[in-house]
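A.B. asks: I'd like to ask some things about the structure below.
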Amino acid sequence: MKIEAFKPGKVRYIKLGKGGAWARTAIDDGIIPLGFRNVEHEICAAGEWDELRRRLTAADRPASGATQDVRELRDFYELPDDTLFVTIADGHLYWAFPDGPAMAVEPALPDGPSRYRRAAAPGWRRTSLAGEPLSVAGLSSALTRTAGYRRTICAIDREDYLLRRIRGDSDPLHAEAATLQASMQTLAVAMIRQLDWREFETLVDLVFTRGGWRRISLLGEDMPDIDLALDQPLTGERAWVQIKTETNRLSSTTISNAS
């Protein structure tokens, strides 16, 4: 699918079975499954939603639960083929579009779905249109927390973020942050160049300290050949540091060869 053709009409998260139990089969078979074994396929296919709600409440289903059941079933049966369905499985976000109407599973297995819609070719995908994996580890928790939804089908709060990730678009805020970071680095270099040798030695000492190293020599101590003696408490390593605020090519080559 080309990026310009990716224009979902609606977006829904769908849980593929309790705890994602149907996810692997659904992904392999290219289907979007749904349960509700106690609801006949025919009444949903006919769009008799008021009658379905009446039957559910007559069967002692709480009114709020019956309303949510009807909402999810109606979405599944009536949302058009340009609806984007997403789910989370195997540490990735998967997405697919339906292709055609809902169909009954006959015969339905005791622990399996009772109805499904075909996923449009090429089926469920877990990469962006740019080919980047949609790993949960790389997605905002504002999106991935949807996997904790306790029912089956729901809308997505961060729909704009989801669509941007699937298209492979960069986040405007991330781009702005990268620009600011580059400017800050340029400014930091300019400020470091203004330090005298004593201030520069203090800066180098701070850099090593933040990295877990411990100075075992006195700061400013006059030692032959080195300026800092350090050790790494966790590994027992030792380091001897020579600090130069300026150098030339010959000195750099000598230092490089010595190290």
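The values are calculated or read from the model by the stated rules, or taken from the named source; none is laboratory data. Predicted model, so just to flag it, every value in this text is computed and none were measured. Here the Cβ is made from the backbone with ideal geometry for all residues, glycine too, and neighbour counts use every protein chain on show.
A.B. asks: With the structure loaded, tell me whether Gly20 is modelled with pLDDT under 95, in contact with a helix residue (DSSP H, G or I) (Cβ under 9 Å, 6 or more places away or on another chain) and within 21 Å of Ala130 (Cα to Cα) or whether it fails that test. Give the derivation first.
C.D. replies: Details: modelled with pLDDT under 95: yes; in contact with a helix residue (DSSP H, G or I) (Cβ under 9 Å, 6 or more places away or on another chain): yes; within 21 Å of Ala130 (Cα to Cα): no.
When the stated conditions are applied, Gly20 does not pass them.
A.B. asks: Pick from Ile216, Ile166: which is over 23 Å from the mean Cα position of the chain (by Cα) and surrounded by 11 or more Cβ atoms within 10 Å (Cβ to Cβ)?
C.D. replies: Numbers: Ile166 fails: over 23 Å from the mean Cα position of the chain (by Cα).
Testing whether each residue is over 23 Å from the mean Cα position of the chain (by Cα) and surrounded by 11 or more Cβ atoms within 10 Å (Cβ to Cβ) leaves just Ile216.
A.B. asks: Go over the candidates Asp81, Asp50, Asp60 one by one and state the one that is of a type outside the set (A, V, I, L, M), assigned by TED's automatic domain parsing to the domain that holds Arg151, modelled with pLDDT under 95 and over 17 Å from Pro113 (Cβ atoms). Spell out the reasoning first.
C.D. replies: Numbers: Asp81 fails: modelled with pLDDT under 95; Asp50 fails: modelled with pLDDT under 95.
Matching residue, one of Asp81, Asp50, Asp60: Asp60.
A.B. asks: What do you reckon, is Glu106 within 22 Å of Arg126 (Cβ to Cβ), modelled with pLDDT under 95 and among the acidic types (Asp, Glu)? Outline the logic, then answer.
C.D. replies: Details: within 22 Å of Arg126 (Cβ to Cβ): no; modelled with pLDDT under 95: yes; among the acidic types (Asp, Glu): yes.
No; evaluated as a whole, the condition is false for this residue.
A.B. asks: Hey, another quick one. Of these, Ile31, Ile43, which one is in the same structural domain as Ser114 (by TED's automatic domain parsing) and more than 29 Å from Thr144 (Cα to Cα)? Let's see the steps before the verdict.
C.D. replies: Details: Ile31 fails: more than 29 Å from Thr144 (Cα to Cα).
Going through Ile31, Ile43 in turn, just one is in the same structural domain as Ser114 (by TED's automatic domain parsing) and more than 29 Å from Thr144 (Cα to Cα): Ile43.
A.B. asks: From Thr179, Thr235, Thr247, Thr254, grab the single residue that is among the polar types (S, T, N, Q), over 30 Å from Leu139 (Cα atoms) and modelled with pLDDT of 80 or more.
C.D. replies: On the way: Thr179 fails: over 30 Å from Leu139 (Cα atoms); Thr247 fails: modelled with pLDDT of 80 or more; Thr254 fails: modelled with pLDDT of 80 or more.
Going through Thr179, Thr235, Thr247, Thr254 in turn, the sole match is Thr235.
A.B. asks: May I ask you to list the residues in region 180-197 that are in contact with a Leu (Cβ under 9 Å, 6 or more places away or on another chain) and part of a helix (DSSP H, G or I)? Walk me through it before giving the result.
C.D. replies: Going residue by residue through region 180-197, those that are in contact with a Leu (Cβ under 9 Å, 6 or more places away or on another chain) are 192, 195.
Matches in region 180-197: Ile192 only.
A.B. asks: How do the helices (runs of 4 or more DSSP H) wholly within region 1-88 filter down when requiring 2 or more residues that are under 30 Å from Tyr161 (Cβ atoms): which remain?
C.D. replies: Values: elements: 23-29, 41-45, 49-58, 63-78.
Those helices (runs of 4 or more DSSP H) span 23-29, 63-78.
A.B. asks: Given Leu187, Leu173, Leu195, which one is without any contact (Cβ under 8 Å) to a residue 24 or more places away in the chain, among the hydrophobic types (A, V, I, L, M, F, W, C) and more than 24 Å from Glu132 (Cβ to Cβ)?
C.D. replies: Values: Leu173 fails: more than 24 Å from Glu132 (Cβ to Cβ); Leu195 fails: without any contact (Cβ under 8 Å) to a residue 24 or more places away in the chain.
Matching residue, one of Leu187, Leu173, Leu195: Leu187.
Yes/no per residue for (1) buried (at least 16 other Cβ atoms within 10 Å of the Cβ); (2) closer than 23 Å to Pro33 by Cβ; (3) in contact (Cβ under 8 Å) with a residue 40 or more places away in the chain:
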{"residue": "Leu79", "(1), (2), (3)": "yes, yes, yes"}
{"residue": "Gly91", "(1), (2), (3)": "no, yes, yes"}
{"residue": "Ala96", "(1), (2), (3)": "yes, yes, yes"}
{"residue": "Arg126", "(1), (2), (3)": "yes, yes, no"}
{"residue": "Leu143", "(1), (2), (3)": "yes, yes, yes"}
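A.B. asks: A further question follows. Is it the case that region 91-102 has a residue that's at pLDDT below 95 and of a type outside the set (Phe, Trp, Tyr)?
C.D. replies: Yes: one or more hits.
A.B. asks: Those residues that are without any contact (Cβ under 8 Å) to a residue 24 or more places away in the chain, more than 12 Å from the chain's Cα centre (by Cα) and in a helix (DSSP H, G or I), I need them from region 149-163; list them, please.
C.D. replies: Within region 149-163, just Asp160 meets the criteria.
A.B. asks: While we're here: Looking at region 40-62, which of its residues are without any contact (Cβ under 8 Å) to a residue 40 or more places away in the chain and within 27 Å of Gly19 (Cβ to Cβ)?
C.D. replies: Within region 40-62, Glu40, Leu52, Leu56, Ala59, Asp60, Arg61, Pro62 meet the criteria.
For (1) in contact with a Phe, Trp or Tyr (Cβ under 9 Å, 6 or more places away or on another chain); (2) of a type in the set (Lys, Arg); (3) farther than 24 Å from Tyr77 by Cβ; (4) not in a strand (DSSP E or B), each residue gets a yes or a no:
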site	(1), (2), (3), (4)
Glu106	no, no, no, yes
Pro110	no, no, no, yes
Tyr116	no, no, no, no
Ala142	yes, no, yes, yes
Ala147	yes, no, no, yes
